[in-house]
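Notes for the one structure printed next.
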Amino acid sequence: MNVKASKLAAPKAPQFTASDDRISAVLARSREISDLSAVLSLAAWDQNTALPEGAGELRGEQLATLQGVIHEKWVDQRFGEQIASLADAVSKSSFTDADRGLLREVTREREHATKLPRGLVEELARVEASSFEAWKKARATSDFALFSPWLARTITLQREVADRYGYKGTRYDALLDLYEPGLTASRVDTLFSAVRETSQRMLRRIQASGSDVDASLLEGSFAPERQMELARVILKRMGYDFARGGIAQSPHPFTTDFGSPYDVRVTVRPDERFVDSSILAAIHEGGHALYEQGSSPALARTPLAGGASMGAHESQSRLWENAIGRSVEFWQGQFDAMRAAFPERYTDAQPAEFARALNRVQPTLIRIEADEVTYNLHIIIRYEMEKAMVNGEVAIESLPRIWNQKYKDYLGIEPPTDSDGILQDIHWTGGFGYFPTYTLGNLYAAQIYAALRRAYPDLDARLASGDTAFAHDWLRERMYQYGKTYEPEALIRIVTGERPDPAYFAEYLTRKFEGVYGLPEEPVSTAPTPEAPGEKAARPAPARDEKPRAKKR
Ligand code: ZN
């Protein structure tokens, strides 16, 4: 964490060498695939926000057909030859970073596609759609038995996918790699044991202090339409461009892009009793959306549009949600929006009191509503469970019991129902490997936030004056515009001047909550930074033809 003068010049704006025939040939194919994927994302967006109940199965068939068509495009022989010819050229003469990024991404995506037969790709889409419908019903009625057959099917299919992709360590590694290129379970184990230690230590200190934060200011009766309006106001102030986006409600908040910065949509889920749930979701999804909207137009309709990885993506949602969106200064600058939306509740309230309420630390059952200290424990629970589901033999019926036991062990609480337990998240309707990227995102976020603070020593004063544009501009310039031109680790170096270093998170979390709870400063354990994964080079990124582009909360 020793920052030497990190004055690396940022790379130039990404640009393809379109005058080169080999680049333009690969770009033409990529655009076709990107357009089809965008239509797929649109169908998935609709499925989540508007689809009539009776059409769930039909939509599954439609998604499967489209996935099959996209798959054919990827595995096309001629496309393979065009990629090979580009690879040959790139190895011999100079090309731009975007050209090399394009080659890297099409190579890895095609490699993935060729390992799966079309029938399996279609079956994955069908099962995901049915699983989503089953999950909605199961969660609404808290009946795990409605969901379990689909979860069992998903486990079987994901194991097959992992085996076909291949892996060096454990089967789960092949799935992790889809969300974060190069990430392995052994690397996650190392990172997470430090995060677990930091989080549990902080939690113990807070609990031992006996002091509590009053969060009653977040409770009341909040009309959903006004919450939606408030979410719009806050998103707009963050710099989210509604001319290139939109907001809707869905059972689980998420962000969808359509392969370009021109259309990036978000959803939230208002809770009538707790105002923070929709506000923080709006800021979280807003962070994803700013990243997508900030990606250079030159990258539109190519595999380089959007974020570098899910970890990089979650770093932005979590940075905006937590480091900025839960700060006193942010609310000093934005509290007029709360007062305008709910005058009866907030006219006499103070922003500092409101921000303090947003930082109450208390073990709770629902991940997306968790405070920053306990949040990663929710992730670790899910990580351990999905690793076991993919690698080992876990009886499906025993999963709710294992879930509840882990909540007891890690957080000291137990879900009264499966809706508040194993059924709360949408993620397992589609596969495994996403959850760890949230914690990885938290680690990246702390490091990027520290760099932002170095760039703006007056950051607090700016936020307090209502200014967030400086942060948005800085992030767009240093990070967002590059899309997926660089791999996550290289990108973190560009943004922060250093390689990824988890020590920033320990420092951030410890100092922040010592402040919130008025605890004396204690040294933050500075365990030696684990080395970056060694076997990274050959490992590829998400096969876009398998998953709609949804960033979930
Ligand atoms: Zn997210």
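Here the calculated FRET efficiency for Leu58 and Thr364, from their Cβ-Cβ distance with R0 = 41 Å, stands at 0.65, rounded to the nearest 0.05. A viscosity of 0.890 mPa s and a temperature of 25 °C, combined with the Kirkwood radius over C-alpha pairs in the Stokes-Einstein formula, give segment 171-239 a diffusion coefficient of 146 µm²/s. Our note on the geometry: Cα centres of segment 56-135 and segment 480-523, 33 Å apart. Can you give the accessible area of Tyr508 in Å² (nearest 10), computed on protein heavy atoms with a 1.4 Å probe? Surface accessible to solvent at Tyr508 totals approximately 40 Å². The DSSP beta bridges internal to segment 201-326 are antiparallel in roughly 45% of cases. Sorted largest first, the principal axis extents computed over the alpha-carbon atoms of segment 1-141 equal 57, 47, 24 Å. Histogrammed with a bin width of 20 Å, the alpha carbon distances of the chain distribute as 22, 59, 19, 0 percent, first bin at zero. Nearest 5 percent is fine: what portion of the DSSP beta bridges confined to the chain is antiparallel? Antiparallel bridges: around 60 percent, rounded to the nearest 5. Tell me which trypsin sites (Lys or Arg not before Pro) from segment 119-177 have a DSSP coil assignment and no more than 14 other beta carbons within 10 Å of their own. The qualifying sites are Lys168. Remark: the chain carries a charge dipole of roughly 920 debye about the Cα centre, counting +1 on each Lys and Arg Cβ and -1 on each Asp and Glu Cβ. Between Asp212 and Thr114, the FRET efficiency estimated from the beta carbon spacing at R0 = 41 angstrom works out to 0.15. Placing a pseudo-label 7 Å from each Cα along the Cα-to-Cβ vector at Arg273 and Ala349 gives an inter-label distance of 1.6 nm.
Positive-end ranking of Leu235, Ala305, Ser260 along the dipole of segment 166-308, with charges on Cβ about the Cα centre, is headed by Ala305.
When the pairs Lys484/Lys552; Lys484/Lys551; Lys73/Lys136 are compared against a 22 Å limit on Cα-Cα distance, Lys73/Lys136 fall above it.
Could you please state how large a percent of the accessible area of segment 1-132 is carbon and sulfur, counting protein chains only and using a 1.4 Å probe? The computed percentage sits at 52.
Once C-alpha pairs closer than 8 Å and six or more residues apart are averaged by separation and normalised to the residue number of the chain, the relative contact order reads 24 percent.
Relative contact order of segment 1-122, taken over Cα pairs closer than 8 Å and 6 or more residues apart, is 38 percent. Taking the alpha carbon gyration tensor of segment 371-453, multiplying each eigenvalue by 5 and rooting it gives semi-axes of 26, 16, 11 Å, largest first. For Val264, the residues 5 or more places off, or on other chains, whose built amide H falls under 5 Å of its own are Gly245, Gly246. For Glu414 and Thr17, what is the calculated FRET efficiency with R₀ set at 45 Å and r taken between the beta-carbons, to the nearest 0.05? It comes to 0.15. Taking GluC sites (Glu not before Pro) in DSSP loop conformation with at most 16 other Cβ atoms inside 10 Å as exposed sites, the chain has its longest uninterrupted site-free stretch at 1-271.
Per residue, the chain exposes an accessible area of 37 Å² to a 1.4 Å probe, with every protein chain left in place.
Per-residue surface analysis assigns Met310 an accessible area of about 20 Å², computed on protein heavy atoms at 1.4 Å probe radius. Shown here: segment 234-273, whose C-alpha atoms stretch 35, 22, 11 Å along the first, second and third principal axes, sorted largest to smallest. Here the 3J(HN,Hα) profile of segment 463-477, calculated from phi with Karplus coefficients 6.51, -1.76 and 1.60 at θ = phi - 60°, is 4, 5, 7, x, 8, 10, 4, 4, 5, 4, 4, 4, 5, 5, 5 Hz, Gly and Pro shown as x.
Couplings 3J(HN,Hα) for segment 317-323, derived from phi with the Karplus relation 6.51 cos²θ - 1.76 cosθ + 1.60 (θ = phi - 60°), are 5, 6, 5, 5, 5, 9, 5 Hz, where x marks Gly and Pro.
The values are calculated or read from the model by the stated rules, or taken from the named source; none is laboratory data. The model shown is predicted, which means the values in this text are computed figures rather than measured ones. Please note: Cβ atoms are built from the backbone with ideal geometry, for glycine as well, and neighbour counts cover all protein chains shown. Accessible surface areas use protein heavy atoms only, side chains included; no ligands, DNA or RNA. Shrake-Rupley method; radii C 1.70, N 1.55, O 1.52, S 1.80 Å.
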